[in-house]
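See structure below.
The values are calculated or read from the model by the stated rules, or taken from the named source; none is laboratory data. Since this is a predicted model, take the numbers as computed values, not measurements. Cβ atoms come from the backbone with ideal geometry, glycine included; neighbour counts cover every protein chain shown. Just the protein is used for accessible areas: all its heavy atoms, side chains included, with ligands, DNA and RNA removed. Shrake-Rupley method; radii C 1.70, N 1.55, O 1.52, S 1.80 Å.
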Amino acid sequence: MELRDTIKVLDSDAHARDFDNEIRPYLPEPYRNQRASFIPSEHYDRNLGGTLGQSGGKVEERLAAMDTQQIDTAVMFPTSGLGVGRVRDPQFQTALCRAYNDFIADYCKASPRLKAVANLPVSNPGEAAKELNRAVTKLGLCGGMLVAQAHRKNLGSPEFYPIYEEAQRLNTPITIHAFGGDEPGSEIFDQFICLHTTGHPFPILRQLTAMVFGGIPHLFPKLRIGYLEVGCGWLPYWAERMDEEWEKRGKVEAPLCKKKPSEYLFGENSYYGCEPEEKMISYVVGEIGSKTVMYASDYPHWDMTWPESATILWNREDLSLEVKKDLLLNNAKRFYNL
């Protein structure tokens, strides 16, 4: 059976090309005309002299690439905007997120196969809740994203309650996403390979830990939260580690975490992206079930698998047909309420 003839694959995590010249027309004055990069840039050759990754900017090019990967619909996240935590001015950060959300909403109008989540100003949680509402109700976006790093914020803190309350009210998900770049501790590295290896999982695991011990799943029991671009193989290990800590210290130091952390991590409202070639998928699905793990392409980034992507997962012999349908379509459809 051909994949495209059996399932309409829903890609839970693809990426837009949100260069400054794409965002600039959507920015108000005085920000529009600033000459510096909107987001302070890093100085790493992510594409290894242009040998890795796809360009993926134009809609026609993206749709053709989706056809090649046998993907029907894709939910897009920012690329440059993943570093929005580096923008220290909270007013500018809010304006930049609003501009990106306007840009990506217009981009998605080109095809019903394109969906997107809103970038939320993580340094301005009150405005982030308002922007989530605008993005979902006025722009037609299918969720919100809080970046995991570069902002010194704890996503389990009460200052973020308004965002989670609004997301729960709107029945729209919140996603936590990292960018594989600078973070505390990474100053020991001389090579980007080390920075990128650690720069996705560590920020996500820190924020997940903060959110679960901070009681977010307890306080907002209907809120769907997705932890993306960090794979799923870590789940059994991290749940076990959190459970052990909670058993000894939870009542005193995490009073809002009412159940074992693993019960929240393995519950129906915590979702995780997976990469199609991850060996651990079958084991994780055996441990926690197949209802909260979602296939992601990461197109057009340099570290994605190209051009096979979804077909790698489809052709695996260690997953049943029902599990493949969950990972490639059903779970993301439920998570994003599409």
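Summary of computed values
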{"read-out": "Cα-centred dipole magnitude for the chain, charges only on beta-carbon of K, R (+1) and D, E (-1), debye, nearest 20", "value": "1160"}
{"read-out": "Mean separation of Cα contacts under 8 Å (6+ apart) over length of the chain, as relative contact order %", "value": "20"}
{"read-out": "Whether region 186-338 is rounded, prolate or oblate, judged on the alpha carbon gyration tensor where a/c under 1.5 counts as rounded", "value": "oblate"}
{"read-out": "Across Lys222/Lys291; Lys260/Lys324; Lys58/Lys324, pairs whose alpha-carbon gap is larger than 24 Å", "value": "Lys260/Lys324; Lys58/Lys324"}
{"read-out": "Region 72-120, relative contact order in percent, only Cα pairs under 8 angstrom and at least six apart counted", "value": "59"}
{"read-out": "Apportionment of accessible area to carbon and sulfur, the chain, percent (1.4 Å)", "value": "52"}
{"read-out": "Over region 103-237, relative contact order from alpha-carbon pairs under 8 Å, at least 6 apart, %", "value": "24"}
{"read-out": "Separation between Cα centres of region 211-288 and region 94-127, rounded to whole Å", "value": "27"}
{"read-out": "Solvent-accessible area per residue for the chain (1.4 angstrom probe, square angstrom)", "value": "45"}
{"read-out": "Rg/Rg_globular for region 14-166, with Rg_globular taken as 2.2 N^0.38 Å and Rg from C-alpha atoms", "value": "1.05"}
{"read-out": "Nearest-20 debye value, region 133-255 charge dipole, Cβ charges on Lys, Arg, Asp, Glu", "value": "580"}
{"read-out": "Among His177, Gly156, Ala128 the positive-end extreme of the charge dipole of region 116-186 (Cβ point charges)", "value": "Ala128"}
{"read-out": "Computed lengthening from Val252 to Arg35, 0.36 nm per intervening residue step minus Cα-Cα distance", "value": "73.1 nm"}
{"read-out": "Where only C-alpha atoms are counted, convex hull volume of region 90-155 per residue in Å³", "value": "80"}
{"read-out": "Radius of gyration and maximum dimension Dmax of the chain, Cα, Å", "value": "19.0, 56"}
